[in-house]
1. Excluding ligands, DNA and RNA, what is the solvent-accessible area per residue of the chain at a probe of 1.4 Å, expressed in Å²?
2. Using alpha-carbon pairs under 8 Å, 6+ residues apart, how would you state the relative contact order of segment 102-182 in percent?
3. Antiparallel DSSP bridges in segment 1-81: what percent, to the nearest 5?
4. Would the chain count as rounded, prolate or oblate if I go by the C-alpha gyration tensor, calling it rounded below 1.5 in a/c and otherwise prolate when a/b exceeds b/c, oblate otherwise?
5. Counting only other residues whose beta carbon sits under 15 Å from that of ARG209, what net charge do I get with K and R as +1, D and E as -1?
6. Which of the peptides 43-53, 4-14 is most tightly packed, and how do the rest follow, judged by the mean count of other Cβ atoms within 10 Å per residue?
7. Just to be sure I follow the definition: excluding the sites themselves, where is the longest run in the chain that has none of the trypsin sites (Lys or Arg not before Pro) in a DSSP loop with at most 15 other Cβ atoms within 10 Å?
8. For THR32, what accessible surface area do you get with a 1.4 Å probe? Give it in Å², rounded to 10.
Amino acid sequence: MRFGLFGGAQSSQADPARGYNEYLDFLLEAETLGYHACFLTEHHFTGWGQVSAPLHMLSWLAGRTTRLRLGTAVMVLAWHNPMLLAEQAATVDVLSGGRLDLGIGRGYRHNEFHGFAMDADEAEARFAESLEVMTRAWISRERFSHHGRFWNFNDVILEPAPVQRPHPPLWLSAGRDASIRAAAGRGHRLLLDQFTPVETLAARIATYRDATGTKFDPSMIAVARDVFIGDSPAEIEDAFRRRAIGHQRMIDAARTPNHPSASTGSHILAWTDRPEARIEAALYGTQDQVAAKIDALRGAGVTTILCNILGQSRPTLRRLIALSA
């Protein structure tokens, strides 16, 4: 079992640098302990200081680490100029010696599309066009032009070229069978969310394996999980309480005001009406309890877990890696 980290820093208006520096130190210790990767989220306009520029943080990490894979989970393509994003991703790949894992997605939070004054119904089309431009930029060795619905470029060429060829691995968050099969057909790797029950994970992994065929490798799938290892029932119960507060904040940011009870869609919105599923999926408990949950994930075909460690708990970080064998 390989462990990576998932999530990001939180800053404050009073001291913006502190939260970033503490999280970066957390990631440096993770590399020393033997963690495989970190996947940073991208979020905007939250009011609680989530990371808005993960590639900038990864550039800093590229210069301070030697082995840790540097990932995003995910960059929302709709919000970025695709040529600029392709250049920035390639730059991180170059600076890190080819360690970038680029998670990409369509976005799901209402407050972010609202903040960018962007129609969320266009997210799918924007995603597709941006991905087309970025892929062409990474692969092309000659200048090209693009004239589409959302973006226009004349006589452009990517600089620098990424180290990983034809481009850094692309990771896509998907849950529906059609989306999983589409990701496999394009050669994308698969990110599975932290709320999906083990039985459903096994079915989704089987779908991806079937669609990938002879090219399938278990390392092409990563599963996110919320993680906390405690010593007492009271400590673990308090961790669940703190986690529930964070989840509610995510739900509130994601929901469309005109449809506050909607529970469809990707990521957390699909589980808003099933809090028991979110609790069961979390790797919360004593070390033995968490080990048993990891064994269940292993039995479902999971080989890589991206861990969102509550409160950047250093004891959890250190105890968890002992369960990787």
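1. Working: 14540 Å² over 325 residues.
That works out to 45 Å² per residue.
2. Computed over segment 102-182, the figure is 34 percent.
3. Values: 1 of 9 bridges.
If we restrict to bridges inside segment 1-81, about 10 percent are antiparallel.
4. Numbers: a/c = 1.42, a/b = 1.36, b/c = 1.05.
Rounded, because the longest to shortest axis ratio a/c is under 1.5.
5. +1
6. 4-14, 43-53
7. Between the exposed loop sites, the longest stretch runs 187-325.
8. Looks like 120 Å² after rounding.
The values are calculated or read from the model by the stated rules, or taken from the named source; none is laboratory data. None of these values were measured; they are calculated from a predicted model. Quick reminder, even Gly has a Cβ in these numbers, built from the backbone with ideal geometry, and neighbours come from all protein chains shown. All accessible areas refer to the heavy atoms of the entire protein, side chains included, with ligands and DNA or RNA removed. Shrake-Rupley method; radii C 1.70, N 1.55, O 1.52, S 1.80 Å.
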